[in-house]
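Each remark here refers to the structure printed beneath this line.
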Amino acid sequence: MRVTISETELGNLEDVLPDTLAVSPDGRRLAYCAEVPHPLAHLTPSFLREAALPQGQRIVVDGKPGKRYDYTREGPPVFSPDSQHVAFGAVSGKRWFAVIDENEAGPYDAVGDIVFSLDSRHVAYAVQRGSRWRVVLDGHELKEYDAIGGGTLRFSSNGRFAYVALESGRLMAVVDGQESRAYEGIAQGSPVFSPDGRHLAFAAFGSGKEWVVLDGQDGPKYTSTLRSVPLFSRDGRLAYFARHSEEQFVVCDGQEGKPYSVVGRGSLSFSPDSLHLAYLAAADGDGGHMVVDGKEGPIYGVILKDTFRFSPDSRRMAYGVKGSRGSFWVVDGREGAVHEAISGSPTGFVFSPDSRRTAYVASRKGKMLFVLDGKEAGVYDVIGAACPAFSPDSKHVALTVRDGDIWRVVVDGIATGEEYDDVHGPLVFSTPERFHVLVGRDEEVVRVEGIIDAA
């Protein structure tokens, strides 16, 4: 096998501000906020510059610096899902602007969240004028409220739009411009659209009770819904956790499941084919077990949070366990090798696209171990956070790894040879034979593109 590498420089990171680096969803582009001197700084004595001429900020996209602003909104700029558009909030002359692809909208007194639709054709953001807030959707200002819920702007897959608004101390969901009734509270993470966009749900609470609202209809009231985010399957089934008195259970399509002393908040998972539902539960005096379609698996002392996953074909499943001897993965009901620790990140354990292969990362004596199809396949100082990555045809697997201070790309167990100082984004396969990743070398961001020749 041979891998041909090409490189494209995307700019210098010398002036990048902390926590402002953004990698596009396709892994090919980079944007960040950089400090920039005042335009008159070169005419001012150095001992006066800091006080008299404060530095500004600008967004740099693929190495191209944008306009200077007094400062930009905290955090990284926002890429659209198709990776073609970049948005951010910025201040110039004490007024805020929403900037979409270098086009300014405003001025405003503040700019909040900015979100793109799933098809990247629409953009919405929250803005403040005086003491009132409103959403701007595709340049059109919507109704004003006392506040707009941070992190609540949502586009559906079919073009619908929703958010949470505060008015006179009460919260409401605004869906396609229509207000729900007002509630004492709406749980964080709401509202949620179904994958097809036909349904919308959110968890609400008031007068000591909690419940889920589906398509504007209040569901049964419970002691608590554990403030969990309602979960839709791909075909529109709805599940969430609830509690009556001291008993906790899952509610799926309105049917209450078996009660337990504790259920794992955040552990609900529908299979890709929508036919299976899994979650973590525990009974009094026992450890936890995974419950799949109502059937309880083996009891373990600790089932690691956020480790359960279905394979793409929905026929296999895996989850991580921590025991007295160490940690291991349970795959299709079989316990794997025991390690000092395993990773619960989304790529800490992955099924291949064809669901036949597995790969995961574990720890041993201060090193990181790569395990492929149940066998050790490499030991490194560090394995990149978004690795391993399978090719779309499941034939190849790639990693970014570090030994000492040197980062490399490893494909099918073979290092490509090039050396880097850092890795800035995930390794992404665009075809079965092509991949790319953003890396750093001598303060420069470099897009590395590889072509695999298996001959």
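The values are calculated or read from the model by the stated rules, or taken from the named source; none is laboratory data. Please read these numbers as outputs of a predicted model, since none were measured by experiment. For neighbour counting, all protein chains shown are included, and Cβ atoms are generated from backbone atoms with ideal geometry for every residue, glycine included.
Since G297 meets every condition but one in (1) surrounded by fewer than 19 Cβ atoms within 10 Å (Cβ to Cβ); (2) small (G, A, S); (3) in contact (Cβ under 8 Å) with a residue 40 or more places away in the chain, which condition does it not meet?
It is condition (3) that G297 fails.
When you scan the range 142-173, how many residues do you find that are under 28 Å from the mean Cα position of the chain (by Cα) and either of a type in the set (A, V, I, L, M) or in a strand (DSSP E or B) (or both)? Please lay out each step first, then the result.
Of the range 142-173, the ones under 28 Å from the mean Cα position of the chain (by Cα) are 142, 147-166, 171-173.
Checking the rest, the ones that are also either of a type in the set (A, V, I, L, M) or in a strand (DSSP E or B) (or both) come to 142, 147-148, 153-155, 161-166, 171-173.
Qualifying residue count for the region: 15.
State whether the residues of the range 74-86 include one that is buried (at least 19 other Cβ atoms within 10 Å of the Cβ) and without any contact (Cβ under 8 Å) to a residue 40 or more places away in the chain.
no
So D113 fits all but one of (1) in contact (Cβ under 8 Å) with a residue 40 or more places away in the chain; (2) within 24 Å of V23 (Cβ to Cβ); (3) surrounded by fewer than 16 Cβ atoms within 10 Å (Cβ to Cβ); what number is the exception?
Of the numbered conditions (1) in contact (Cβ under 8 Å) with a residue 40 or more places away in the chain; (2) within 24 Å of V23 (Cβ to Cβ); (3) surrounded by fewer than 16 Cβ atoms within 10 Å (Cβ to Cβ), the odd one out for D113 is (3).
Going through D119, D101, D62 one at a time, which residue ends up being crowded, with 16+ Cβ neighbours inside 10 Å and acidic (D, E)?
Being crowded, with 16+ Cβ neighbours inside 10 Å and acidic (D, E) holds for just one of D119, D101, D62, which is D62.
Let's see how each residue does on (1) closer than 18 Å to I59 by Cα; (2) not assigned by TED's automatic domain parsing to the domain that holds V78; (3) not polar (S, T, N, Q):
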residue	(1), (2), (3)
F97	yes, no, yes
P107	no, no, yes
I114	yes, no, yes
L118	no, no, yes
Q128	no, no, no
W133	no, no, yes
L137	no, no, yes
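Working carefully through the options A359, A282, A318, find the one that is buried (at least 17 other Cβ atoms within 10 Å of the Cβ) and more than 27 Å from the chain's Cα centre (by Cα). Reasoning before the result, please.
Numbers: A359 fails: more than 27 Å from the chain's Cα centre (by Cα); A318 fails: more than 27 Å from the chain's Cα centre (by Cα).
One residue alone meets the criteria, A282.
Kindly establish whether A201 is of a type in the set (G, A, S), surrounded by 21 or more Cβ atoms within 10 Å (Cβ to Cβ) and farther than 30 Å from M290 by Cβ. Steps first, please.
Working: of a type in the set (G, A, S): yes; surrounded by 21 or more Cβ atoms within 10 Å (Cβ to Cβ): yes; farther than 30 Å from M290 by Cβ: no.
Taking the combined requirement at face value, the residue does not satisfy it.
Output the residues belonging to the range 411-444 that are over 23 Å from V16 (Cβ atoms) and within 25 Å of the chain's Cα centre (by Cα).
Result: F429, S430, T431, P432, R434, F435.
Filter the range 289-307 down to the residues that are closer than 21 Å to Y360 by Cα and modelled with pLDDT of 95 or more and list them by number.
Within the range 289-307, just M290 meets the criteria.
If you check G159 against the conditions, is it surrounded by fewer than 21 Cβ atoms within 10 Å (Cβ to Cβ), touching a residue at least 24 places away in the same chain (Cβ under 8 Å) and over 27 Å from R68 (Cβ atoms)?
Spelling it out, G159 is indeed surrounded by fewer than 21 Cβ atoms within 10 Å (Cβ to Cβ), touching a residue at least 24 places away in the same chain (Cβ under 8 Å) and over 27 Å from R68 (Cβ atoms).
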